[in-house]
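Below: the structure, in structure tokens.
The values are calculated or read from the model by the stated rules, or taken from the named source; none is laboratory data. Here the structure is a predicted model, which means the values were calculated and not measured. Neighbour counts are summed over all protein chains in view; Cβ atoms, including those assigned to glycine, are modelled from backbone coordinates with ideal geometry.
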């Protein structure tokens, strides 16, 4: 059985019959559109990361703002906050709860990236 070499040049396939969905003149345009789409996705991801960081920082600052409010309202003595043994248990619980909540946005972002 004899093998034949593929034809070379423009006469190898009739125009539009080469199996490509677009004309060769549209390749550069498609690459530019694809790059613009990828760039838009990166910008959106950057914006989302910035929003998640802001939310996490707001959640981390909540226990400190609550402690200042409690001390200002004379619920706890400001002098009690100078030693670890004087800090009430609910201030530790508040800091722990909001500390855990501040991790949630990053877990959401992580699952969105891998999923």
Checklist line | Exclusive hit being surrounded by 11 or more Cβ atoms within 10 Å (Cβ to Cβ) and at pLDDT below 80, set 35, 92, 27 | finding: 27
Next item on the list: Filter the range 98-115 for residues that are surrounded by fewer than 13 Cβ atoms within 10 Å (Cβ to Cβ) and in a helix (DSSP H, G or I) and give the result.
Entry: 100, 107, 110, 111, 112, 113, 114
Notebook entry, point to check: Does residue 80 satisfy the criteria of being under 30 Å from residue 45 (Cβ atoms) and part of a helix (DSSP H, G or I)?
Noted result: no
Note to self: It is to be established whether one or more residues within the range 49-60 are assigned to a helix (DSSP H, G or I), in contact (Cβ under 8 Å) with a residue 60 or more places away in the chain and either surrounded by 11 or more Cβ atoms within 10 Å (Cβ to Cβ) or touching a helix residue (DSSP H, G or I) at 6+ places or on another chain (Cβ under 6 Å) (or both).
What the structure shows: yes
Notebook entry, point to check: For the range 68-86, how many residues are surrounded by 11 or more Cβ atoms within 10 Å (Cβ to Cβ) and modelled with pLDDT under 85?
Noted result: 3
